[in-house]
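Let me begin by presenting the structure, written as structure tokens, before commenting on it.
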Amino acid sequence: MSLLIVNLLPEDAPEALAAIETLSAADSDHRVIHAYEKNLRPCVGCNACWMVTPGVCSLRDGYEELLKAYLEYDATVFLAGTALNFVDHRMKNVIDRILPLATM
């Protein structure tokens, strides 16, 4: 099984480093994407990913690399922070942008 690890925390965060090390040791076929510094813009609600180009966002930013990798690997683990008892804004942006894939 191939594993994609998407790190939305700073690359030098101790908890992220520990999680990446543990997950990497468990699966030799893995890839790590450090997305903290990538420009992952929030969904603008244009609905193009639902009606015009199913599953493909109209925004052009750092999300494209993430989407291609997400579709290529068997499993994905997201490492993200929390805010107000929910995922932080970076993870929320990823969730909003990946959601249209559920309808394909």
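Observations on the model:
- Considering residues of the range 27-44 that are closer than 19 Å to Tyr70 by Cα and more than 13 Å from the chain's Cα centre (by Cα) only, the residue least open to solvent (accessible area, probe 1.4 Å): Asp27
- Residues located in the range 7-40, provided they are more than 19 Å from Asp74 (Cβ to Cβ) and at pLDDT below 90: Glu37, Lys38, Asn39, Leu40
- The single condition from (1) open to solvent by less than 20 Å² (accessible area, probe 1.4 Å); (2) touching a His at 6+ places or on another chain (Cβ under 7 Å) that Ala69 fails is (2).
- Cross-chain or 6+ apart pairs with Cβ under 7 Å, the range 91-102 first and closer than 14 Å to Thr53 by Cα, then at pLDDT 90 or above and of a type outside the set (Val, Ile, Thr): Arg97/Cys43; Ile98/Tyr70
- Restricting attention to the range 60-92, the residues that are under 12 Å from Lys38 (Cβ atoms) and touching a Phe, Trp or Tyr at 6+ places or on another chain (Cβ under 8 Å) add up to 1.
- Filtered residues of the range 46-104 (kept if touching a Gly at 6+ places or on another chain (Cβ under 8 Å) and modelled with pLDDT of 90 or more): Val87, Asp88, Arg90, Met91
- Test result for Leu79, under 16 Å from Lys92 (Cβ atoms), in contact with a strand residue (DSSP E or B) (Cβ under 6 Å, 6 or more places away or on another chain) and open to solvent by less than 60 Å² (accessible area, probe 1.4 Å): yes
The values are calculated or read from the model by the stated rules, or taken from the named source; none is laboratory data. Worth saying up front: this structure is predicted, and the values here are computed from it rather than measured. Because the Cβ atoms are built from the backbone with ideal geometry, glycine has one as well, and the counts that use them run over all protein chains shown. Protein only, heavy atoms only, side chains kept; ligands, DNA and RNA dropped before computing areas. Shrake-Rupley method; radii C 1.70, N 1.55, O 1.52, S 1.80 Å.
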